[in-house]
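The values are calculated or read from the model by the stated rules, or taken from the named source; none is laboratory data. All figures in this text were calculated on a predicted structure; none of them were measured in a lab. FYI the Cβ positions are ideal-geometry reconstructions off the backbone, even for glycines, and counts take in every protein chain you see. Remember, those area values only see protein heavy atoms, side chains included, never the ligands or the DNA or RNA. Shrake-Rupley method; radii C 1.70, N 1.55, O 1.52, S 1.80 Å.
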Amino acid sequence: MRNPRTRYYRTIFLGVAAMATLVWAAVDQFGLSWQDMYELFLFTLSVVGVVIVVAALTAAAWVALRHLASRGDRD
């Protein structure tokens, strides 16, 4: 049986290598400029940020509703 730490590092390495291959293919094979890649990266980060904020607001609303519901049960 393999060491779990070794498997973890191997997975991280393979993931980074796959992402590097995708960037290389986009730039070299399809002629995408580095400026376009940078703009796509910033757009992706902003979308991820919006998703995180929406998820946090949804979780906060859910907790608040549960708190209000349990408060109503006590009365």
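Given the structure, is Asp73 at pLDDT below 85, open to solvent by 100 Å² or more (accessible area, probe 1.4 Å) and part of a helix (DSSP H, G or I)? It is true that Asp73 is at pLDDT below 85, open to solvent by 100 Å² or more (accessible area, probe 1.4 Å) and part of a helix (DSSP H, G or I). Being surrounded by fewer than 10 Cβ atoms within 10 Å (Cβ to Cβ) and not in a helix (DSSP H, G or I) is the filter here, so list the residues in the range 1-32 that pass it. Met1, Arg2, Asn3, Phe30, Gly31 - these are the residues of the range 1-32 that are surrounded by fewer than 10 Cβ atoms within 10 Å (Cβ to Cβ) and not in a helix (DSSP H, G or I). Can we say Arg66 is out of contact with any Pro (no Cβ under 6 Å at 6 or more places or on another chain), basic (Lys, Arg) and either outside any helix (DSSP H, G or I) or at pLDDT below 90 (or both)? Against the criterion (out of contact with any Pro (no Cβ under 6 Å at 6 or more places or on another chain), basic (Lys, Arg) and either outside any helix (DSSP H, G or I) or at pLDDT below 90 (or both)), Arg66 does not qualify.
Among the residues of the range 33-56, those identified as more than 20 Å from the chain's Cα centre (by Cα) and part of a helix (DSSP H, G or I) are Trp34, Gln35, Asp36. Among the residues making up the range 33-50, those that are of a type in the set (Ser, Thr, Tyr) and open to solvent by 70 Å² or more (accessible area, probe 1.4 Å) are Tyr38, Thr44.
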